[in-house]
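> What follows is a single structure, and I will ask about it in a moment.
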Amino acid sequence: MIQKIITFFDKDTRENFFVRLFSAWSITGIINFFLSTEPLEKIESVKNINLISSVFYFLAAYIIITVCSLRLKETDTDGWVFAVSTLTYLCFAATFSSNQYYCIAILFPAMLSVIYTVRRFSAKKSIIEPSKKFVFGFSAACVIFITLFMALLGISRYLSFATPNFDFGIFSQMFYYLKTEFVPLTTCEREKLLSHFAVHLSPVYYLLLPVYFIFPSPLTLQISQALLIGSALIPLYLIARHYKLSGKVTLLLMIAASFYPALTGGTLYDFHENAFLPVLILWMLYFAEKGKNIPMYIFMLLTFTVKEDAAVYVAFIALYFLFSGRKKLHGSIMFFSSVIYFTLAVTYLKTFGEGAMTGRFDNFITDDNLGLVDVIFTIFKNPAYFISQCLSAEKLLFILFMFLPLAFLPILSKNWSQFILIGPLVLINLMSEYQYQHSIFFQYVYGTLAVLFYLTVINLSTAPKNLKKYLSPMAAVFSVIMFAFSLSPKLTYINRLEVNKEDYVKIRAALDTIEEDASVLSTTFYIPYLSQRKEIYEIEYCVKDTDYIVIDTRYDSADENRKKIDMTKYELIREETALVEIYAKIR
């Protein structure tokens with residue numbers, strides 16, 4: 001009897017005893033997560049949870065784990081259950097909060113779980129190297145999943161009338177003009193008929209025009225964006241293969257990239273030209289790595305066409321190639337090409353358009369005559385000011401949400417030239433005082449994340465084996481948890497479609513009564529649906545004499561918008577209570 005007791009409490013038994021306790025605790029937490037109606041970090045959730053039931057769940061979970069462990073001795077059941085249950089619970093816990101600090105705090109126990117699990121599996125050799133076919137299939141599944149997820153969110157936003165004029169209505173009307181007149185005109189962007197290329201120089205839109213000709217709908221833009229973003233994982237996978245990452249590391253990299261919060265978060269302000277950046281930049285980098293210069297230059301030129309500032313990403317990549325000594329000639333050509341294109345694009349906007357949006361860097365410009373050049377002088381004269389502008393509390397959180405899902409791998413390098421590739425993050429996202437440029441929920445992260453993914457692959461390939469085995473699973477776990485925190489609140493768009501289905505049918509039926517050739521003045525959320533016409537304006541920004549006026553009465557702003565209109569000129573012809581009002585001009 002004594003010997004049995006001693007044997008029971010040997011090192012492995014003690015370890016498994018506590019591992020099962022933690023697993024049973026996590027499983028109990030998961031069950032209570034679904035039973036509780038209150039956020040888990042609030043005391044009200046504790047009051048709603050029955051103690052006796054929780055004890056029952058805990059004991060039942062512990063017994064089941066123990067029985068499975070004893071029956072499946074060749075499989076490390078305790079280790080697998082611990083890894084899955086603890087990390088699943090932490091993911092669920094992340095979904096019920098809007099506090100970014102709370103999310104970051106959750107990553108600490110997640111890190112401890114990863115470290116313990118990796119050490120346990122390494123000691124027991126519980127993980128085998130997956131086959132190339134499995135890695136390829138899993139990577140393809142990641143691409144398909146995240147593409148479908150982003151498409152579903154985009155479609156749900158549009159169909160629930162949650163897409164505003166700025167910016168989705170603008171692009172919806174712009175593609176209408178591209179299809180009908182082959183020029184990117186809009187009326188709802190600057191309150192007059194104007195080429196969108198007077199605001200941003202983005203000829204890349206013509207690449208989508210053939211698809212839009214076949215499927216002329218705003219939904220086409222949402223789906224196309226999801227396909228563009230999802231397809232960026234393909235060159236990333238190929239770059240990982242080029243650097244000969246192991247199957248396990250490649251799988252974890254694809255998980256981290258697929259669930260990277262900014263990848264999906266950037267689509268939540270609807271369609272933008274920036275969605276082309278990840279796929280074009282990563283293909284350019286892939287061909288650069290393979291030494292295929294002609295396709296590399298083709299994708300460089302395509303990157304230029306995305307936007308006037310897209311040349312910035314190419315310029316920093318070129319400088320990296322130049323100073324790392326890897327591609328001195330091609331790096332020089334790419335850099336000077338970037339400078340020339342950027343100069344020409346800015347000059348074009350200044351001469352024929354509305355001018356480049358240098359106002360977003362007004363916090364660095366002291367002499368308006370110098371323009372962007374003064375940014376360089378400001379940094380040179382006062383580097384302390386430069387640091388203060390880049391590292392505010394809000395921007396530090398942004399940095400964490402960009403680097404934590406990649407386990408800080410982009411900056412874990414001894415090669416100083418790689419830090420040149422952090423330049424786009426600093427210049428595009430951190431220096432500007434424009435709040436949307438340092439948010440993971442807007443399109444300005446796309447060029448930056450492409451470069452960070454590339455750095456992650458490089459540093460994973462050179463990381464010591466003992467460090468790599470911890471960092472790659474940590475990146476995957478952090479990314480999934482932060483994805484759950486960041487994106488789960490956005491699932492309400494999907495839920496709205498079912499809950500308010502009848503309302504949306506009524507809204508569409510009302511809006512469909514407006515003739516396609518009629519001019520419309522509308523509130524913001526109905527403009528995308530009405531955008532397939534030559535003349536439409538947003539009432540929040542201007543008042544125009546149009547054939548019809550559309551008021552969104554779902555919001556309190558309806559009264560304020562009505563007051564802007566001279567109602568003596570219009571009559572109410574269609575009303576859906578608390579949804580929409582349509583006024584026609586009195587003839």
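> Quick one: 3J(HN,Hα) in Hz for the stretch 400-410, Karplus 6.51/-1.76/1.60 with θ = phi - 60°, rounded, Gly and Pro as x.
Couplings: 4, 6, 8, 9, 4, x, 10, 6, 6, 4, x Hz.
> Follow-up question, since we're still on this one. Hey, got the dipole for the chain? About the Cα centre, +1 on K and R Cβ, -1 on D and E Cβ, debye to the nearest 20? Please report the intermediate quantities before stating the final value.
On the way: 51 positive and 47 negative charges, 648 e Å.
The dipole of the chain has a size of about 3120 debye.
> What aspartates and glutamates could a cross-link reach from LYS327, if we take a straight Cα to Cα line under 15 Å and drop same-chain neighbours fewer than 8 places away?
The reachable aspartates and glutamates, counting only those whose Cα sits under 15 Å from LYS327, are GLU289.
> Could you order peptides 576-586, 147-157 by the average number of other Cβ atoms within 10 Å of their residues, highest first?
Ranked by mean Cβ neighbours within 10 Å, highest first: 147-157, 576-586.
> Given charges of +1 on the Cβ of Lys and Arg and -1 on the Cβ of Asp and Glu, with all other atoms neutral, how large is the dipole of the stretch 18-148 about its Cα centre, in debye to the nearest 20? Intermediate values should be presented prior to the final figure.
Numbers: 11 positive and 7 negative charges, 93 e Å.
In debye, rounded to 20, the stretch 18-148 gives about 440.
> Going highest first, how would you order 496-503, 424-431, 277-284 by mean Cβ packing within 10 Å?
277-284, 424-431, 496-503
> Note the angle between two axes, namely the Cα long axis of helix 446-462 and the longest principal axis of the Cα atoms of the chain, as a number of degrees from 0 to 90, rounded to the nearest 10.
In the chain, helix 446-462 runs at an angle near 30 degrees to the longest axis.
> What ³J(HN,Hα) values, in whole Hz, does the Karplus curve 6.51 cos²θ - 1.76 cosθ + 1.60 give for the stretch 486-497 when θ = phi - 60°, with x put for Gly and Pro?
Each residue's phi maps through the Karplus curve to give 7, 9, 4, x, 7, 5, 4, 4, 5, 5, 4, 4 Hz.
> Average the reciprocal distances over every distinct pair of alpha-carbons in the stretch 15-127, invert the result, and give the Kirkwood radius in Å.
The answer is 15.0 Å.
> OK, next. When ranked by the protection proxy of mean other Cβ atoms within 10 Å per residue, highest first, what sequence do the peptides 561-574, 463-476, 180-193, 306-319 form? Write out the running numbers ahead of the final one.
Values: 561-574: 13.0, 463-476: 19.1, 180-193: 17.3, 306-319: 24.1.
Ranked by mean Cβ neighbours within 10 Å, highest first: 306-319, 463-476, 180-193, 561-574.
> Is the shape of the stretch 152-293 best called rounded, prolate or oblate, per the rule: a/c under 1.5 gives rounded, else a/b larger than b/c gives prolate, else oblate, with a ≥ b ≥ c the square roots of the Cα gyration tensor eigenvalues?
Numbers: a/c = 2.73, a/b = 1.80, b/c = 1.52.
Because a/c hits 1.5 or more and a/b exceeds b/c, the stretch 152-293 counts as prolate.
> Tell me, what does the Kirkwood hydrodynamic radius of the stretch 500-585 come to in angstroms if you use every pair of distinct C-alpha atoms?
Here the Kirkwood hydrodynamic radius works out to 12.8 Å.
> Using a Debye calculation, one point per C-alpha and no hydration shell, please list log10 I(q)/I(0) for the chain at q = 0.06, 0.12, 0.13 Å⁻¹ in order.
Once normalised to I(0) and log-transformed, intensities are -0.38, -1.27, -1.40.
> Once you treat every alpha carbon in the stretch 442-587 as an equal point and sum by Debye, what is log10 I(q)/I(0) at q = 0.13, 0.20, 0.21 Å⁻¹?
Log10 of I(q)/I(0), two decimals: -0.71, -1.20, -1.27.
> Once Lys and Arg get +1 and Asp and Glu get -1 on their Cβ, which of ALA584, THR366, SER432 lies farthest toward the positive end of the dipole of the chain?
Comparing the listed Cα positions along the dipole, SER432 ranks first.
> With a sphere of radius 15 Å drawn around the Cβ of VAL204, what net charge do the other residues whose Cβ falls strictly inside it have (Lys, Arg +1; Asp, Glu -1)?
Here the count lands on -2.
> Around VAL580, which amide H atoms from residues at least 5 apart in sequence, or from another chain, sit under 5 Å from its own amide H, with H modelled in the peptide plane?
Residues meeting the amide H criterion: THR553.
> Step through the table entries LYS132/LYS290; LYS395/LYS465; LYS290/LYS414; LYS534/LYS564; LYS179/LYS307, compare each Cα-Cα distance with 26 Å, and write down the pairs that go over it.
In this structure, LYS395/LYS465 lie more than 26 Å apart at Cα.
> In whole Hz and in residue order, list the ³J(HN,Hα) couplings for the stretch 330-336 that follow from phi through the Karplus curve 6.51 cos²θ - 1.76 cosθ + 1.60, θ = phi - 60°; x for Gly and Pro.
Couplings: 5, x, 5, 4, 5, 5, 5 Hz.
> Out of the DSSP beta bridges found with both residues in the stretch 500-585, what percent are antiparallel (nearest 5)?
65
> Quickly estimate the mean residue ellipticity at 222 nm for the chain, helices only: each DSSP H run with n ≥ 4 gives -39500 (n - 2.57), and the total goes over all residues, rounded to 500. Don't skip to the answer; put the middle values down first.
Details: 26 runs with 350 residues, N = 587.
The per-residue figure over the chain is -19000 deg cm²/dmol.
> Taking the DSSP beta bridges in the chain as the whole, what percent of them are antiparallel, to the nearest 5?
On the way: 13 of 19 bridges.
DSSP beta bridges in the chain are roughly 70 percent antiparallel.
> On C-alpha positions alone, give me the angle between the axis of helix 501-511 and the longest principal axis of the chain, in degrees, nearest 10.
Computed tilt is about 20 degrees.
> Express the Stokes-Einstein translational diffusion coefficient of the stretch 207-291 in µm² s⁻¹, to the nearest whole number, given a Kirkwood radius over alpha-carbon pairs, 20 °C and a viscosity of 1.002 mPa s.
152
> In Å, what is the Rg of the alpha-carbon atoms in the stretch 294-363, and how long is Dmax?
13.3, 40
Where a number appears in this text, it was derived from the coordinates with a stated rule and is not lab data. As the structure is a prediction and not an experimental result, all values here were calculated from the model. All Cβ positions, even for glycine, are placed from backbone atoms using ideal geometry, and neighbour counts span all protein chains on display.
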